[in-house]
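The next block holds one structure in the form of structure tokens; read it before the comments.
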Amino acid sequence: MPARWNTDNRPPSLTEFTARFPTDDACAAYLEACRWPDGFACPGCGSCRGWKLQTKRWTWECHDCGRQTSVTAGTVMHGSKVPLRTWFLAAHLLATHSNGMSALQLQAKLNLGSYKTAWLLLHKLRRAMVAPDRTPLSGDVEVDETTIPYRTKDEPIAGGQGRSQIGKIAVIGAVELLEGNRPGRIRLEVVPDYKGPTLKGFVERNVRRGSHIWTDDNKSYYGLQGYGHTPRVIGKMAAHVLMPWIHRVFANMKRWGLGVFHGFRDKYLNAYLNEFVFRWNRRQSYRSAFERLVGIGIAMAPATYADIRATAV
Ligand SMILES: [Zn+2]
């Protein structure tokens, strides 16, 4: 694996980070500078005339249309009772920690009052990990499927050994192959089955047309339109020899699930997969990871507890 951080992108230490963001106001000033580098611009009418309200924190009012805009509008932090500085610290920890963390660990690190607050914070940050406009994978792309054992609420991992589907979730993954036999970006998704339309749908959503797909000899991929395709007949050859990178991705992801969460929970598996994908794809860029997490420049509807429950697998 390449070094996790190249020197230009090395993340600040916790000490440097807290010195840079000592207060909620410092965080708001950072958001404001990122959002409006050339001064306020109204997202409603585009006017550049406006003023900062004295009575409402970190909020601007447009001179022309009267619309009020908070520096947190469109970010995961909007409308939250959790202080901005806590959000920033959580985003920093998630962006720097190579393994991420559980809600319990975050609660302890940030000295949060309740487990639920820590849990919600993490889930909202996970939602911010998927950019709505992210570009599809391209070039040569390995695609394969795997199953993940899961556990229910407080039980140990269900599913047991062998090929039983009970207590296991089907997952499909893809990884770009870069020059020099290096892995590029990845995608992972929970899927209901391994049938043709499901697997082809995943490829179409996640890989640019015209790219070349490498799969095993699973017939479900046959007939993909708009892609080059090389099915490899694996036969007696171990799959990880012919498809080394996607198998490494799967192996790392499963080890991560066991290490950090003591086994994935079935309901939120897609959210965990998103976190894994996010971390992998930004493993060498602290800045892009941190900015993505605090939601800079990207309009994303704030999520409530109900939204997060509703998008659970
Ligand atoms: Zn306006």
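The numbers here are math on the coordinates, done by the rules we state, and not lab data. Because the structure is predicted, anything quoted here is derived from the model rather than measured. Backbone-built Cβ (ideal geometry, glycine too); neighbour counts: all protein chains shown.
Quick notes on this structure:
- Rounded to the nearest Hz, the phi-derived 3J(HN,Hα) couplings of the range 245-255 under the Karplus curve 6.51 cos²θ - 1.76 cosθ + 1.60 (θ = phi - 60°) are 7, 5, 6, 5, 4, 4, 5, 4, 5, 5, 5, where x marks glycine and proline.
- In order through the range 47-52: 3J(HN,Hα) via Karplus (6.51 cos²θ - 1.76 cosθ + 1.60), integer Hz, x for Gly, Pro: 5, 9, 9, x, 9, 7
- Scanning residues 5 or more positions from ILE169 or on other chains, those with amide H under 5 Å from its amide H are ILE148, TYR150, with H placed 1.01 Å from N in the peptide plane.
- Placing one equal scatterer on every Cα of the range 60-139 and applying the Debye formula, the log10 ratio I(q)/I(0) at q = 0.21, 0.22 Å⁻¹ is -0.97, -1.02.
- Using Cβ point charges alone (K and R +1, D and E -1), the dipole size of the range 39-196 about the Cα centre works out to roughly 900 debye.
- Counted over all Cα-Cα pairs of the range 8-55, pairs farther apart than 18 Å make up 48 percent.
- Per-residue Cβ neighbour counts within 10 Å put SER98, SER47 in the sequence SER98, SER47, beginning with the fewest.
- Phi to ³J(HN,Hα) by Karplus 6.51 cos²θ - 1.76 cosθ + 1.60 over the range 18-24, Hz, x for Gly, Pro: 5, 5, 6, 10, x, 9, 4
- Order by protection proxy (mean Cβ within 10 Å, highest first), peptides 277-289, 137-149: 137-149, 277-289
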